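J.: Attaching a single structure in structure tokens format; questions to follow.
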Amino acid sequence: MIQLQTIYVFLHLIVLSLGYTDVYNIDDREGFGRPFDGIGGISGGGATSKLLINYPEPQRSEILDYLFKPNFGASLHILKVEIGGDGQSTDGTEASHMHNALDENYQRGYEWWLMVEAKKRNPNIKIYGLPWSFPGWLNPMGQRNPYQFPVLTATYIIKWIKGAAKFYNVTVDYIGIWNEKDYDKVYVKTLRKELDKAGLGHVKIVAPDAPHIQDWKISEDILKDPELAAAVEYIGSHYPGTITTKEAIQTGKPLWASEDYSTFNDLVGGGCWARILNQNFVNGNITGTISWNLIAAYYDTLPFTRDGLMTAESPWSGHYVVESPIWLGAHTTQFTQIGWKYYRHGYGSGHFVFGGSYVSLASPDGKDLTIIIETMSHDHSKCIRPPLPKYNVKKQTVKFQLKGQFANTKVLQMWKSKLRFDNTSSTFFKKQKPLQIINGTFTLDLDVDVVITLTTLNTGNKGSHKTPPPVKDFPLPYMEGFEKYNEHEEPFNFAQQTGSFEVKDLGGGQGKVMRQMVTQIPVYWCAAEKLNFATNYIGSQKWSDIYVQVDAKLGEANSSDGYFVGARIFEGGCNILDSTGIFFFVFPATQRFLVTGNIGQSVIHKLGPTGKLNVKGWNTLRLLVQGSKAVGLLNGKILFNVTVADYKTHGFAGLGTSSWGIADFDNFVVASPHDGEKIIDNVLRNADDSNVSPEIDVLNL
């Protein structure tokens, strides 16, 4: 049987041959569709904003303007942040506000800072919190299950919500369950009850925040379970491919793409963002869309490089890039607000016959109208997931007829973007001549790969700042003594991959150190936590011949059994189990050392006794890698000189522990091999190696 759509297109070709154009009605006389819930970005899912906080001014404020400032750039309506759980969740770990049951701290990490900065620029922005991992103490039974004790977990989440309000004056509007993992009906209901008991009735639950294969399944449970239906305010899907299910629609709940996009932010990524912002509603009645991630502010060789709305991965230079998704999203965000109303399908929202889509939205007071049009071609708008079925888009002429409350509109402001296959010839968010409306009608000639906004608003603006400085390589030599930080801050440029590292003031004139805080395996999100020890990387995966040094000390209690420095470390994120490199481990209690070519310690270059060392005090580890040779020193004594030719030739520098537990690090140095040789020569000439000043003098730091 020939499908109706095929018949329609065939008849349409005949109509076109007679000189007619398609007519699309914008008509509110029969009522509106669903309320618009906003467009947002995610900071988290693995430390994706890690490098943003240490950008210099004014570049840091400029970047924040492009993301959050109304009528300037992306002008986002929602900021979704990770509730840190001390576990690896894609590109790194984010610190929990409660490393253990007796610990509670709201100075850790950078999500607090980011929420405050977003609110400064847009007091109306909505805040959404979601855990990816949980600290291990929430499941004393030792299972990978945060739901075993639902009141305990709900209380942990409530403390984070209250901490945001108490310490930062930030109101959390939405809260999720467990990112991309199975939801638990008992926990969801318990969380709602505990929120209400805590006076947090305004905090709405989004569930399940799961991949599209399983995410809409909660709709079936909601239809069967009135208590669950009362607990869940929004149904959140990840990467739904612009479609939903009949059960999801039957619930009557607002439907969100609570994580979407996740695509390299070149022109194709921009096309992906433009297409799904329209078609999530047109195809699936989805009224809120949130990008993973907000900003690519993590080392570009970690997983999902540049999957952000813009790029800021070079704080040492101040360089950043305003990418195409910023401006393609602005076509929606600058001319709508949460609470506007979508026009119904066929009455202001729908597909064009020859490809592309349109949505119309009206302000709650009925004074303003915005229409967003996109004609993204298949190859210019493929998202990373799910696969995009083939389709065609053609140039076309379309005619709109305004009916209802906007029938007498005389003029619409017009903004346009045109994607080509290179940045130089593409145009982004360019204001056009106002469009004149005659008797409620207007006609547009639509090219392929365009986004057009038509609006009664006069507030749009393509914001700009001065051109940022040019990009530079990570600076060498580099030394970090941790004295410049506040206690509990994460040191700049370090990208913790497992575990959680923060600045600790030892007091008594000893100064500040970087301490690894996690003492047991988290309720982990990805398999990286099976590594069972903490890792922290820094620098560049381009580094090959390199010198790395650190002073290390085990904790007085709940300590790790050892620590390491590393070079040429390749692979991070959830792939860390596959990391190769040169790792120099020291185990003070047994006075042994190990040199291995992979993080899992299955490839051993050398092991043996360390000789005399400070079991409970500070020890200095030095590692010099040149060509196929690696040389290691402990407290001024050469322990090994081994061949490493068969392993990766480049990668990060790093440090960490050999098991979960407390360990302190200080006086970290990474330098060129030439400087490293000078340091080693200087050390070997000094019998007393307890003072690090010779290294500082050699590097002129």
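Values in this text are rule-based calculations from the coordinates and carry no lab data. All values derive from a computational prediction rather than experimental measurement. Quick reminder, even Gly has a Cβ in these numbers, built from the backbone with ideal geometry, and neighbours come from all protein chains shown.
J.: More than 21 angstrom separation, counting every C-alpha pair in region 499-592; what % is that?
T.: 41 percent
J.: Using mean Cβ contacts within 10 Å as the protection proxy, how do 591-599, 610-618, 51-59, 513-521 order, highest first? Spell out each step's value before the answer.
T.: Numbers: 591-599: 20.6, 610-618: 13.6, 51-59: 17.9, 513-521: 23.7.
Sorting 591-599, 610-618, 51-59, 513-521 by mean packing, highest first, produces 513-521, 591-599, 51-59, 610-618.
J.: Which links in Lys50/Lys120; Lys181/Lys382; Lys159/Lys189 stretch past 22 Å when you go from one Cα to the other?
T.: From Lys50/Lys120; Lys181/Lys382; Lys159/Lys189, over 22 Å: Lys181/Lys382.
J.: Set the Förster distance to 41 Å, then compute FRET efficiency between Thr171 and Lys390 from the Cβ-Cβ distance, nearest 0.05.
T.: Taking R0 as 41 Å, the efficiency between Thr171 and Lys390 is 0.35.
J.: When a/c reaches 1.5 or more, the comparison of a/b and b/c decides; with that in mind, is region 478-699 rounded, prolate or oblate per its Cα gyration tensor?
T.: It comes out rounded by the Cα gyration axes.
J.: Still on this structure, I have one more. Around Ala296, what is the net charge, scoring Lys/Arg as +1 and Asp/Glu as -1 over all other residues with Cβ under 13 Å from its Cβ?
T.: Working: positive: Lys50, Arg306; negative: Asp91, Asp266, Asp300, Asp307, Glu313, Glu323.
Computed value for this residue: -4.
J.: Express as a percent, rounded to the nearest 5, the fraction of DSSP beta bridges in region 38-310 (both residues included) that run antiparallel.
T.: Values: 1 of 34 bridges.
Roughly 5 percent of the DSSP beta bridges within region 38-310 come out antiparallel.
J.: Explain nothing, just the number: relative contact order of region 478-699, from Cα pairs under 8 Å at least 6 residues apart, as a whole percent.
T.: Once normalised by length, the contact order is 27 percent.
J.: Right, something else. Glu247: net charge of surrounding residues, Cβ under 9 Å, Lys/Arg +1, Asp/Glu -1, itself excluded? Each step should come with its number before you reach the end.
T.: Numbers: positive: Lys217, Lys246; negative: Glu220.
Neighbour charge sum, excluding Glu247 itself: +1.
J.: Need one number: nm distance between label points at Trp113 and Lys246, each 7 Å from Cα along Cα→Cβ, rounded to one decimal.
T.: It works out to 5.2 nm between the two label points.
J.: Take every Cα pair under 8 Å in the chain that's 6+ residues apart, average their separations, divide by the length, and report that relative contact order as a whole percent.
T.: About 14 percent, as a whole number.
J.: Please get the size of the charge dipole for region 478-699, origin at its Cα centre, with Cβ charges of +1 on Lys and Arg and -1 on Asp and Glu, quoted in debye to the nearest 20.
T.: Here region 478-699 has a charge dipole of around 640 debye.
J.: Arrange the following residues from fewest to most other Cβ atoms within 10 Å of their Cβ: Glu529, Glu571, Glu374.
T.: Working: Glu529 27, Glu571 23, Glu374 31.
Arranged by neighbour count, lowest to highest, Glu529, Glu571, Glu374 become Glu571, Glu529, Glu374.
J.: To the nearest 10 degrees, how steeply does helix 150-168 sit against the main Cα axis of the chain, on a 0 to 90 scale?
T.: For 150-168 against the chain, the angle is about 90 degrees.
J.: Same structure again: What is the distance in Å between the Cα centroid of region 438-465 and that of region 122-199?
T.: 41 Å
J.: Of the listed peptides 37-43, 238-244, 197-203, what is their order by residue-averaged count of other C-beta atoms within 10 Å, with the highest listed first?
T.: Working: 37-43: 26.0, 238-244: 22.0, 197-203: 13.9.
Top of the packing list down: 37-43, 238-244, 197-203.
J.: Which one, Tyr147, Tyr187, Ile127, is farthest towards the positive end of the dipole of region 110-250 when Lys and Arg carry +1 and Asp and Glu -1 on their Cβ?
T.: Ile127
J.: Report the dimensions of the chain along its three principal axes from the alpha-carbon atoms, largest first, rounded to Å.
T.: Sorted from largest, the Cα extents of the chain read 94, 55, 49 Å.
J.: Could you give the distance between the Cα centres of region 397-413 and region 51-106, to the whole Å?
T.: If we compute the Cα centre of each part, the gap is 41 Å.
J.: Further question: How much mean residue ellipticity at 222 nm does the chain get from its helices, if each DSSP H run of length 4 or more adds -39500 (n - 2.57) and you divide by all residues, to the nearest 500 deg cm²/dmol?
T.: That comes out to -6000 deg cm²/dmol.
J.: So which aspartates and glutamates can Lys224 reach, going by Cα to Cα under 17 Å and dropping same-chain residues fewer than 8 places off?
T.: Asp184, Asp215, Glu233, Glu247
J.: Give me the percent relative contact order of region 38-310, please, defined on Cα pairs under 8 angstrom at least 6 residues apart. Don't skip to the end; give the middle numbers.
T.: Details: 561 pairs, mean separation 50.3, N = 273.
Relative contact order here is 18 percent.
J.: A further question on this structure: Would you order Phe652, Phe134, Phe587 from fewest to most other beta-carbon atoms within 10 Å of each residue's own beta-carbon?
T.: Phe587, Phe134, Phe652
J.: Now for a different question. With a point put 7 Å past each Cα toward its Cβ, work out how far Asp422 is from Asn686 in nm, to one decimal.
T.: Taking the two extended label points, one gets 5.5 nm.
J.: Note down the net charge around Gly651, summing +1 for each Lys or Arg and -1 for each Asp or Glu among other residues with Cβ under 11 Å from its Cβ.
T.: +2
J.: Would you work out which of Gly85, Leu138, Ala229 lies farthest towards the positive end of the dipole of region 38-310? Charges go on Cβ: Lys and Arg +1, Asp and Glu -1.
T.: Ala229
J.: Now for a separate question. For His674 and Ala229 in the same chain, what is the full-extension length gain: residue separation times 0.36 nm, less their Cα-Cα distance, in nm?
T.: 153.7 nm
J.: Give the calculated FRET efficiency between Glu556 and Ser464 to the nearest 0.05, with a Förster radius of 60 Å applied to their Cβ-Cβ distance.
T.: For Glu556 and Ser464, the calculated efficiency is 0.65.
J.: Modelled label-to-label distance, Thr443 and Lys399, 7 Å Cα→beta-carbon offset: nm?
T.: For Thr443 paired with Lys399, the spin-label model returns 0.7 nm.
J.: So how strong a dipole does the chain carry about its Cα centre when Lys and Arg Cβ are +1 and Asp and Glu Cβ are -1, to the nearest 20 debye?
T.: Approximately 1520 debye in magnitude.
J.: Work from the charge dipole of the chain (Cβ charges, +1 for Lys and Arg, -1 for Asp and Glu, about the Cα centre) and give the residue of Pro470, Val398, Phe32 farthest towards its positive end.
T.: Projecting each Cα onto the dipole axis, the largest value belongs to Val398.
J.: Would you list, by chain and number, the aspartates and glutamates whose Cα falls below 19 Å from the Cα of Lys466, excluding same-chain residues fewer than 8 positions away?
T.: Counting by Cα, and skipping residues close in sequence, Lys466 has these aspartates and glutamates nearby: Glu57, Glu62, Asp65, Glu313, Glu323.
J.: Follow-up question, since we're still on this one. Report P(r) for region 38-310: all Cα-Cα distances, bin width 5 Å, range 0 to the bin holding the largest distance, values in whole percent.
T.: Once binned at 5 Å, the Cα pair distances of region 38-310 give 1, 6, 13, 17, 20, 18, 13, 8, 3, 1, 0.
J.: Here is a further query. Cα axis of helix 111-121 to longest principal axis of the chain: angle in degrees, 0 to 90, nearest 10?
T.: Helix 111-121 and the main axis of the chain meet at about 40 degrees.
J.: Relative to the longest principal Cα axis of the chain, at what angle does helix 4-17 sit, 0 to 90 degrees, rounded to 10?
T.: The answer is roughly 60 degrees.
J.: Taking the Cα centre of region 580-672 as origin and charging only Cβ (+1 Lys, Arg; -1 Asp, Glu), how large is the dipole, in debye to the nearest 20? Intermediate values should be presented prior to the final figure.
T.: Numbers: 8 positive and 3 negative charges, 53 e Å.
With only Lys, Arg, Asp and Glu charged at Cβ, the dipole is about 260 debye.
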